[in-house]
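Okay, structure first, notes after.
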Amino acid sequence: MAIKDTVSGLLKQKNDPANRRPLPLTRAEMDSVESELTQISQKLEKERKSREGIGKFFKHPVKVLTERPENILIVCIPVSLLVFFGGFMTIVKLHGISALFTSTAIDDFAVFAILISIVPVAILDFREQQRVKNLEDALPNFFRDLAGMNDSGMTLPNAVHLVASAEYGTLSPHIRKLDNEMSWGVGFVEAMYRFGKNLGTPLADRSVDLIAKASKAGGDISEVLRAAANDTFEVVNLAQERRNNMLIYVIIVLVSWAVFMFVIAILVSTFLTTMANVGAASQATAASSQFMGRIDLPAYKRLFTHAAMIQGFFSGLCAGQMGEGRVIGGLKYSAIMLVISWVVFSFFI
């Protein structure tokens, strides 16, 4: 009976599909599998290239150009060069090469080209700084509220879920995303790292790194959150205090440019104009002509126009460096002062 049962068990095991040996693949099947693997590898490589470098630009051009303010220069610089050299060739073709020295048309094209280059960067940088400021201003309240709810006995997922229903301005969508990730089972540390990456600000990265490392080391998470809240609050206050203290120097730079413009305007509209008229009237006598000389008023106007524009552009950069600690932050001042200089000398002087 035992022998019969043993033989029956062996036959069943042999006929069981799970215990059958797989048949060797034919050459055609192996080629087919290899071809499929090659196609999958090529698609993965293509997808990887589309996430970085030039592939990312062609796939998401608007996103690449706006994710950092300076990225817009990829488009602005070629367009500005096209405008400048297009105007240059047009002037030379219509009026000859001498028009470059006797006309201010080339100066107008140069101003337009510079504005095309810097105005989009200034606008995007201003928007980005406003976004960063709003996010960093809301971070201390978020961390403090989270710590308070955790002290009351709530678990971190429940505390985040309750905080997500509050209003924190620009930070609110990121908190809701954090709540959704934790509700799907993502750990607190990993969710916080994703939260900091989504914010993309230096202060957020610093605070999130502090919270995550302290959480991994163990201890009272409420104290860690409260320490992060105090740290971010101090950093935001120091940045605001620095802006307030440096505001007077920014005003001094702007006022000095305005005084420079006023002096040049008075000099050109009164003194040089009078000298030019007197010089033209005194051409009748040789002695007076030799004494007065000839005042080339258009040349002086053009020279002072260039001086005012250069002064305004670089004064704006200095104002940005002193007021915000970033040269690129002064492009908005540079653009405004450049436009004012061009308008004043083109239409009023």
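Values for this structure:
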item: Which numbered condition residue 336 fails, given (1) modelled with pLDDT of 85 or more; (2) within 21 Å of residue 111 (Cβ to Cβ); (3) buried (at least 16 other Cβ atoms within 10 Å of the Cβ); result: (3)
item: Residue 173 exposed (fewer than 14 other Cβ atoms within 10 Å of the Cβ) and modelled with pLDDT of 85 or more; result: yes
item: Looking only at the range 47-80, and only at residues there that are surrounded by 13 or more Cβ atoms within 10 Å (Cβ to Cβ), out of contact with any Leu (no Cβ under 7 Å at 6 or more places or on another chain) and at pLDDT 85 or above, the one that is nearest to residue 111 (Cα to Cα); result: 80
item: When residues of the range 56-109 are limited to those that are assigned to a helix (DSSP H, G or I) and of a type in the set (S, T, N, Q), the one nearest to residue 297 (Cα to Cα); result: 102
item: Subset of the range 196-234 that is among the β-branched types (Val, Ile, Thr) and assigned to a helix (DSSP H, G or I) - its residue that is modelled with the highest pLDDT; result: 232
item: Extreme residue, modelled with the highest pLDDT, among residues of the range 81-130 that are surrounded by fewer than 17 Cβ atoms within 10 Å (Cβ to Cβ) and among the small types (Gly, Ala, Ser); result: 86
item: Any hit, the range 130-152, residues being over 26 Å from the mean Cα position of the chain (by Cα), part of a loop (DSSP other than H, G, I, E, B) and not basic (Lys, Arg); result: yes
item: Top-ranked residue in the range 317-333 [being in a helix (DSSP H, G or I) and without any contact (Cβ under 8 Å) to a residue 60 or more places away in the chain; ranked as surrounded by the most Cβ atoms within 10 Å (Cβ to Cβ)]; result: 330
item: Qualifying residue in the range 163-174 (condition: in a helix (DSSP H, G or I), under 30 Å from the mean Cα position of the chain (by Cα) and of a type in the set (S, T, N, Q)); result: yes
item: Number of positions in the range 302-349 that are in contact with a Gly (Cβ under 8 Å, 6 or more places away or on another chain) and of a type in the set (A, V, I, L, M); result: 10
item: Residue 268 being in a helix (DSSP H, G or I), at pLDDT 85 or above and β-branched (Val, Ile, Thr); result: no
item: Residue check for residue 40: modelled with pLDDT of 80 or more and in a helix (DSSP H, G or I); result: no
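Results for (1) surrounded by 13 or more Cβ atoms within 10 Å (Cβ to Cβ); (2) farther than 30 Å from residue 149 by Cα; (3) without any contact (Cβ under 8 Å) to a residue 12 or more places away in the chain, shown as yes or no for each residue.
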site: 213; (1), (2), (3): no, no, yes
site: 233; (1), (2), (3): yes, no, no
site: 238; (1), (2), (3): no, no, yes
site: 260; (1), (2), (3): yes, yes, no
site: 263; (1), (2), (3): no, yes, yes
site: 267; (1), (2), (3): yes, yes, no
site: 272; (1), (2), (3): yes, yes, no
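Here is a yes/no grid of residues against (1) free of Cβ contacts under 8 Å to residues at least 12 places away in the same chain; (2) in contact with a helix residue (DSSP H, G or I) (Cβ under 9 Å, 6 or more places away or on another chain); (3) under 20 Å from residue 227 (Cα atoms):
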site	(1), (2), (3)
154	yes, yes, yes
157	no, yes, yes
181	no, yes, no
185	yes, no, no
189	no, yes, yes
200	yes, yes, no
203	no, yes, yes
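The values are calculated or read from the model by the stated rules, or taken from the named source; none is laboratory data. Owing to the predicted nature of the structure, the values given are computational and were not obtained by experimental measurement. Using ideal geometry, Cβ is built from the backbone for each residue, glycine included, and neighbour counts are taken over all protein chains shown.
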